[in-house]
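Student: Below is a structure I'd like to ask you about.
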Amino acid sequence: MNTTLNNLIQLQELMQRLENEGRSPSLRKQIDGLRAQLPAEVLRRFDHVAEHRRVSVAQLTATGACGVCHMKLPPADVLRIRSSTHLLPICPLCGGFIYYAAVPVEPEREEIEVAT
């Protein structure tokens with residue numbers, strides 16, 4: 001995951017904490033520090049999506065839906081998001097930032113022998 005994406009995720013988490021916890025000078029300082037590290041066009045998009053939705057950055061779901069707007073994306077967009085390593089993929093439907101994180105494999109279930 002690239003640095004800008006990590007900063008966006010951290011910024012979103014801090015802003016949600018600030019909203020839940022109220023005014024906090026230390027949180028505000030951390031938020032301002034992260035905002036200063038982000039490119040202006042990325043910050044503009046983040047702020048715009050945040051005005052309309054609670055989340056601006058979310059993971060691509062296992063079913064190929066945007067984690068921001070929950071709309072299923074076309075297969076070509078899902079493939080582009082899954083294969084992008086340097087880019088900041090944007091949902092073509094809501095404009096939110098989407099990232100792909102490999103879904104952990106579920107542990108194998110133990111088979112239970114049934115006595116006959």
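The values are calculated or read from the model by the stated rules, or taken from the named source; none is laboratory data. What you see is a predicted model, and the numbers here were worked out from it, not measured in a lab. Cβ atoms come from the backbone with ideal geometry, glycine included; neighbour counts cover every protein chain shown.
Student: Val49 - would you say it is closer than 22 Å to Ser83 by Cβ and touching a residue at least 40 places away in the same chain (Cβ under 8 Å)?
Tutor: For Val49, the condition - closer than 22 Å to Ser83 by Cβ and touching a residue at least 40 places away in the same chain (Cβ under 8 Å) - is not met.
Student: Looking only at the range 1-31, count every residue that is among the hydrophobic types (A, V, I, L, M, F, W, C), over 23 Å from Leu87 (Cα atoms) and either touching a strand residue (DSSP E or B) at 6+ places or on another chain (Cβ under 8 Å) or loosely packed, with under 11 Cβ neighbours inside 10 Å (or both) and tell me the total.
Tutor: Residues that pass the stated criteria total 0.
Student: His86: outside any strand (DSSP E or B), on the phi > 0 side of the Ramachandran plot and either more than 14 Å from the chain's Cα centre (by Cα) or modelled with pLDDT of 90 or more (or both), yes or no? Show your work before the answer.
Tutor: On the way: outside any strand (DSSP E or B): yes; on the phi > 0 side of the Ramachandran plot: no; either more than 14 Å from the chain's Cα centre (by Cα) or modelled with pLDDT of 90 or more (or both): yes.
It is false that His86 is outside any strand (DSSP E or B), on the phi > 0 side of the Ramachandran plot and either more than 14 Å from the chain's Cα centre (by Cα) or modelled with pLDDT of 90 or more (or both).
Student: Quickly run through the range 65-74 and pick out the residues that are assigned to a loop (DSSP other than H, G, I, E, B) and crowded, with 16+ Cβ neighbours inside 10 Å.
Tutor: Our first condition is that a residue be assigned to a loop (DSSP other than H, G, I, E, B); within the range 65-74, this holds for 66-71, 73-74.
If the condition is that a residue be assigned to a loop (DSSP other than H, G, I, E, B) and crowded, with 16+ Cβ neighbours inside 10 Å, then Cys66, Gly67, Val68, Cys69, Leu73 are the ones that fit.
Student: Mind checking whether some residue in the range 32-42 is under 15 Å from Tyr99 (Cα atoms) and either surrounded by 13 or more Cβ atoms within 10 Å (Cβ to Cβ) or in contact with a helix residue (DSSP H, G or I) (Cβ under 9 Å, 6 or more places away or on another chain) (or both)?
Tutor: Step one: of the range 32-42, the residues under 15 Å from Tyr99 (Cα atoms) are 42.
The next check asks that each one be either surrounded by 13 or more Cβ atoms within 10 Å (Cβ to Cβ) or in contact with a helix residue (DSSP H, G or I) (Cβ under 9 Å, 6 or more places away or on another chain) (or both); those that pass are 42.
Within the range 32-42 (the criterion being under 15 Å from Tyr99 (Cα atoms) and either surrounded by 13 or more Cβ atoms within 10 Å (Cβ to Cβ) or in contact with a helix residue (DSSP H, G or I) (Cβ under 9 Å, 6 or more places away or on another chain) (or both)), the answer is yes, since at least one residue qualifies.
Student: Is there any pair linking a residue in the range 12-30 that is of a type in the set (S, T, N, Q) to one that is at pLDDT 90 or above and assigned to a helix (DSSP H, G or I), with Cβ under 6 Å and at least six apart or on different chains, and which?
Tutor: Gln30/Leu14
One line per residue, one yes/no per condition, for (1) at pLDDT below 90; (2) in a helix (DSSP H, G or I); (3) within 21 Å of Thr4 (Cβ to Cβ):
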{"position": "Leu43", "(1), (2), (3)": "no, yes, yes"}
{"position": "Phe46", "(1), (2), (3)": "no, yes, yes"}
{"position": "Arg80", "(1), (2), (3)": "yes, yes, yes"}
{"position": "Glu113", "(1), (2), (3)": "yes, no, no"}
